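For reference, the structure discussed in these notes is given below.
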Amino acid sequence: MASGTALIYDDEMTSYKLLWDNPECDIEVPERLLSSYEQLKRYHLLERCVHVPVREGTEEEIMLVHSSEYLEVVKSTQTMNEEELRRVSGNYDAVYFHPNTYRCAKLAVGATLQLVDSVMSGKVCNGMALVRPPGHHSQRNAANGFCVFNNVAIAAQYAKRRYGLQRILIVDWDVHHGQGIQYVFEEDPSVLYYSWHRYEHQQFWPLLRESDYDAVGQGKGKGFNLNVPWNKVGMGNSDYLAAFFHVLLPVAFEFVPELILVSSGYDSGIGDPEGQMNATPECFAHLTHFLMQLANGRLCAVLEGGYHLKSLSESVCMTVKTLLRDPLPQISGEMAPCLSAVESIQNVRAAHKPYWKCLMYEVPPVKTAAAIVSKADAHLLPISVQVEMEMNAQELKTLVSALDAELVKEERALLSLQNVVAILDKILKKKVCNGIAESSLASVSTTFALKHCFDFGLQRVLCIVVGDVDLELDLDDGKILLMNICQKQQTEKTNSKYHISLNWREDAERNNFFCAVLGFILPVAYSYQPDLMIIVIGPNRSLGINGISLLTCLLQGLAESRILVVIQDTEIKLVQSVAKTLSGVPAPDFGAYAPASQENVLEIKRLRNQLQQEWKMLRCSVRDWISGS
Ligand code: X5A
Ligand code: ZN
């Protein structure tokens, strides 16, 4: 990997200045460059850099961003007298021309491109260009805000062309919005433009609506323009760091830039008359350091604004020192962003949520959905559970009539389906992982739900019925494995591979249903490998809430945890606990170990013997294994 830091500077860029009285422009002085350069010398940073000469940007290069008409206008200012210069300057917002402006503007473009070439060729790893005039406000047909040619925008277009780059990140930490850069790349997803700027609800120059956080880019470029508007002055180190942590850096790491261009204005630093912000020079060391971790360290910093000579030159030094890989200085101040900063950050993040995964998945996806008949009971559900309104009646009718022409005629049956279908639909479409639905006719709605599953294309559904719910199902083809957990002691009962009755009498004092779950239900379920599970809970249950919770918890290992729990309305008091279990609360405490009753132990044994040929996960002895193979 390349090492070394380029520094690009030429005295000649100090050869233009404001010739008349104009309080808006008089801060942009040649001393900005001189004092920065002197300070680099004083800190012995200059001698540690690789010096690259400047050159003029060519007309062709300038026209990567600007029109030839505009280029001709700027060119024509070389030979103008003061009066003519004033007139041309007056055609633009916050601009002054001097006979040397054109020459310096060409050098500023060329210096920036020399820097890009030094980094892209591997001559150095990173670098800084100290240039005047700045560039980020200038536009295709206009000078603006002391800027003549858009050095950084030209550099990005140049790097795309010359080096075939596909992703360039432009970080504009100048305190003004680089609207010129935004306009150039608005529709271009290959250039991600990030700018924070003093905004004050559009009361600060350049007073543009499109500087706000909701300007996210256009067309193919949506998501590739990030504006962080500061609505208060006095933003400091912690506000800038927070914007980096919570907006720029996550997106930049997801973007994976191949080159970083920094529109490196220091009017965002403490003491600056334009910015009125509070960030200390050390802050720029940290900002630089973070950006150096991207794009293989390929970073080009290009001077934009910065009007407090001391603050400017110290901040330039901090940037160069960091590029040279010196240890980072301590950052001062209480590390807490202010409310207004956090508001802006929140707004940008929200505006960009549709475009960046790192912002999208910050809220965990809804795991559990619930639909219950009485919405008044909704408060019983854990807050993470999404409460569903039942499906709209027409939608439901269409769906039902497609699958069951008879059912659609029965009003009561139809009603009982609403909740179940609404939740099942969400699960099948993977909008939620699992869900719970109350039904007035659990048998009808479960039967229908199963039809809907197969219509959707599922292969195997495990259906566990707890309590009295009669399902009329065709169980021969193995698409459904039906397991009834009941308390009726049916002596004459034949268990088949896909229809199993487990007679389980819960012992009031002892919570030992886990014997049945581990010894029988789970091995069978794992052998079956369902792609959805439906647990139906009806009246006359032989299982209490603890048993049901345990079952629900442990079954989540199957079918990507896709479980639909259908609860008959008589059993509504279970909703809260089941919803908790589904949303991830661990199974309830089972108390001290107690062996299962003799009847229960025998029942498990009997079922194991009957079914271990079919469901091989039931084997737990060598004898089982031999007899089964
Ligand atoms: C490059 C830059 C600022 C122009 C301010 C005009 N321009 N009020 O910082
Ligand atoms: Zn600025």
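The values are calculated or read from the model by the stated rules, or taken from the named source; none is laboratory data. All figures in this text were calculated on a predicted structure; none of them were measured in a lab. With ideal geometry, Cβ positions are generated from the backbone for all residues, glycine too; neighbour counts draw on all protein chains shown.
For region 29-46, how many residues meet the condition of being under 26 Å from S3 (Cα atoms) and in contact with a Leu (Cβ under 9 Å, 6 or more places away or on another chain)? Talk me through it step by step, then tell me what you get.
Restricting attention to region 29-46, the residues satisfying the condition of being under 26 Å from S3 (Cα atoms) are 33, 36-46.
With the extra rule that they be in contact with a Leu (Cβ under 9 Å, 6 or more places away or on another chain), the set shrinks to 33, 36-37, 39-40, 45-46.
Residues flagged as under 26 Å from S3 (Cα atoms) and in contact with a Leu (Cβ under 9 Å, 6 or more places away or on another chain) within region 29-46 amount to 7.
Being within 15 Å of ligand 2 (Cβ to nearest atom) and not in a loop (DSSP other than H, G, I, E, B), is that true of even one residue in region 245-261? Talk me through it step by step, then tell me what you get.
In the first step, residues of region 245-261 are kept if they are within 15 Å of ligand 2 (Cβ to nearest atom); the result is none.
Checked region 245-261: no residue is within 15 Å of ligand 2 (Cβ to nearest atom) and not in a loop (DSSP other than H, G, I, E, B).
What helices (runs of 4 or more DSSP H) lie completely within region 30-85 and have 1 or more residues being free of Cβ contacts under 8 Å to residues at least 24 places away in the same chain and among the polar types (S, T, N, Q)?
68-76
Looking at region 416-435 only, could you name the residues that are at pLDDT below 85 and either surrounded by 18 or more Cβ atoms within 10 Å (Cβ to Cβ) or closer than 17 Å to V536 by Cα (or both)?
Within region 416-435, the subset at pLDDT below 85 is 416, 430-431.
Within region 416-435, just S416 meets the criteria.
Of the numbered conditions (1) surrounded by fewer than 24 Cβ atoms within 10 Å (Cβ to Cβ); (2) of a type outside the set (A, V, I, L, M); (3) within 20 Å of L359 (Cβ to Cβ), F224 fails exactly one; give the number of that condition.
(1)
Need pairs with beta-carbon distance below 9 Å; first residue aromatic (F, W, Y) and within region 168-192, second within 11 Å of ligand 1 (Cβ to nearest atom) and at pLDDT 95 or above; sequence gap 6+ or separate chains.
Matching pairs, first to second residue: W173/S263; W173/S264; W173/G265; W173/Y266; W173/S268; W173/E304.
Filter region 596-614 down to the residues that are assigned to a helix (DSSP H, G or I), under 20 Å from P523 (Cα atoms) and without any contact (Cβ under 8 Å) to a residue 24 or more places away in the chain and list them by number. Reasoning before the result, please.
Filtering region 596-614 for residues assigned to a helix (DSSP H, G or I) gives 598-611.
Add one more test, that the residue is under 20 Å from P523 (Cα atoms), and what stays is 600-611.
If the condition is that a residue be assigned to a helix (DSSP H, G or I), under 20 Å from P523 (Cα atoms) and without any contact (Cβ under 8 Å) to a residue 24 or more places away in the chain, then L602, K605, R606, N609 are the ones that fit.
Return a yes/no flag: does region 283-302 have any residue that is in contact with a His (Cβ under 6 Å, 6 or more places away or on another chain) and either within 16 Å of ligand 1 (Cβ to nearest atom) or closer than 24 Å to V116 by Cβ (or both).
Step one: of region 283-302, the residues in contact with a His (Cβ under 6 Å, 6 or more places away or on another chain) are none.
Among the residues of region 283-302, not one is in contact with a His (Cβ under 6 Å, 6 or more places away or on another chain) and either within 16 Å of ligand 1 (Cβ to nearest atom) or closer than 24 Å to V116 by Cβ (or both), which makes the answer no.
Of the residues F185, F146, only one is away from ligand 1 (no atom under 16 Å from the Cβ), under 26 Å from S68 (Cβ atoms) and assigned by TED's automatic domain parsing to the domain that holds N227; which?
Working: F146 fails: away from ligand 1 (no atom under 16 Å from the Cβ).
Answer to the selection: F185.
State all residues of region 570-595 that are of a type in the set (S, T, Y), assigned to a loop (DSSP other than H, G, I, E, B) and surrounded by 13 or more Cβ atoms within 10 Å (Cβ to Cβ); if no residue qualifies, say none.
First pass over region 570-595, keeping only residues of a type in the set (S, T, Y): 570, 577, 581, 583, 593.
From what's left, assigned to a loop (DSSP other than H, G, I, E, B): 583, 593.
Scanning region 570-595 gives a single hit, S583.
Please specify each residue of region 150-192 satisfying the condition of being away from ligand 2 (no atom under 16 Å from the Cβ), touching a Pro at 6+ places or on another chain (Cβ under 9 Å) and closer than 14 Å to C300 by Cβ.
First, pick out the residues of region 150-192 that are away from ligand 2 (no atom under 16 Å from the Cβ): 154-169, 183-192.
The next check asks that each one be touching a Pro at 6+ places or on another chain (Cβ under 9 Å); those that pass are 165, 167-169, 192.
Of everything in region 150-192, those that are away from ligand 2 (no atom under 16 Å from the Cβ), touching a Pro at 6+ places or on another chain (Cβ under 9 Å) and closer than 14 Å to C300 by Cβ turn out to be L165, I168, L169.
Within region 579-629, take every residue that is in the same structural domain as L564 (by TED's automatic domain parsing) and β-branched (V, I, T) and give me the one that is modelled with the lowest pLDDT.
Restricting to residues being in the same structural domain as L564 (by TED's automatic domain parsing) and β-branched (V, I, T), the top hit is V585.
Which numbered condition trips up G217, out of (1) in contact with a Phe, Trp or Tyr (Cβ under 6 Å, 6 or more places away or on another chain); (2) part of a helix (DSSP H, G or I)?
For G217, the exception is condition (2).
If R623 satisfies every condition in (1) in contact with a helix residue (DSSP H, G or I) (Cβ under 7 Å, 6 or more places away or on another chain); (2) free of Cβ contacts under 8 Å to residues at least 24 places away in the same chain; (3) part of a helix (DSSP H, G or I) but one, which is the exception?
Failed condition: (1).
Scan region 113-139 for residues that are in contact with a Phe, Trp or Tyr (Cβ under 7 Å, 6 or more places away or on another chain) and more than 16 Å from ligand 2 (Cβ to nearest atom) and report the count.
3
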